Each structure stands twice: as structure tokens, then as C-alpha cells.
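A short write-up of the structure that comes next.
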């Protein structure tokens, strides 16, 4: 009966699978954060555009104009801060992508090694089994005397 294949680095492979899963989860979280920040930037840009389009009106007093300008400046500061945060999140997203790709490669490398070793094991087991069958048939075969 052939011996079952045992991969000696199975624990390492399992650990690399866990690392890959963690990297994928971090990537998904980074993508969600980035998309949420994109929505914030778009919202601020929309509010700023609407505020500028609305203007302060023909009957605006000096305090109304001052308030309008203060709100516009606050929106512009918020937009700058939101874009800075978006850039920071984009860098985090890029790092998470690179990490996920690296973890995936490391795992695939071990999986290929496992597959190669399993094939070698099965070939060796088949050869040993065939050799055993050949020996049995040789021993059982009785030469016939003429």
C-alpha cells in the first residue's frame, strides 16, 4: 500500500495562507476607506460649486457678503484637507495592494513546491509498486521444462 504524501512545510504554507487572507482584508478595508474619502471630496466639491453658483444675491448686505465669503473659504479649507487625506489613503491603498501581491506570490511559491513534491512522491510510489508487482510476477512464474 502506498504511503500518503506528507508536505513537510504544510504549517508554513498555512501561515502564508493566513498572511494572504490578512493582506486581502487590509486591502478591502483600504479600498473602502479610499472610496469613502472620494465621496467626501465629491460632496465638498458639490457644495462649494453650488455655493459659488448661488452667489450672495443682488440684495446682499455687507454682513451677508462676509458670511458668504467665510463659508466659501471654510469649504475650500475643508476641500484641501479632504484631498490631502485622499492622497494619504491612496498611498495606504497602494501599499496594501503591493503587500497583497507579495503575500499571494509567497503562498503560490509554496503551493507549487507542494505540487511538485506530491507529483514526485506519486511517481516514486507508482514505480515502487510496479517494481513490487514485477518481482511478484517473476517469482510466481515457473519456467516450463521442455
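Here is a list: 76, 106, 85, 111. Which entry is within 30 Å of the chain's Cα centre (by Cα) and either under 21 Å from residue 43 (Cα atoms) or not in a helix (DSSP H, G or I) (or both)?
Exactly one of 76, 106, 85, 111 is within 30 Å of the chain's Cα centre (by Cα) and either under 21 Å from residue 43 (Cα atoms) or not in a helix (DSSP H, G or I) (or both), namely 85.
Considering (1) closer than 30 Å to residue 122 by Cα; (2) in contact with a helix residue (DSSP H, G or I) (Cβ under 8 Å, 6 or more places away or on another chain); (3) outside any helix (DSSP H, G or I), the lone condition that residue 13 does not fulfil carries the number (3).
Residues in the stretch 49-68 that are in contact (Cβ under 8 Å) with a residue 12 or more places away in the chain and in a loop (DSSP other than H, G, I, E, B) were compared, and the one that is surrounded by the fewest Cβ atoms within 10 Å (Cβ to Cβ) is 55.
Every test in (1) surrounded by 11 or more Cβ atoms within 10 Å (Cβ to Cβ); (2) at pLDDT 95 or above is passed by residue 11 save one, and that test is (1). Against the conditions (1) more than 41 Å from the chain's Cα centre (by Cα); (2) in a helix (DSSP H, G or I), residue 123 satisfies every one except (1).
The values are calculated or read from the model by the stated rules, or taken from the named source; none is laboratory data. A quick note: this is a predicted structure, and the numbers were derived from the prediction, not measured. Note: ideal-geometry Cβ built from the backbone for every residue, glycine included; neighbour counts use all protein chains shown.
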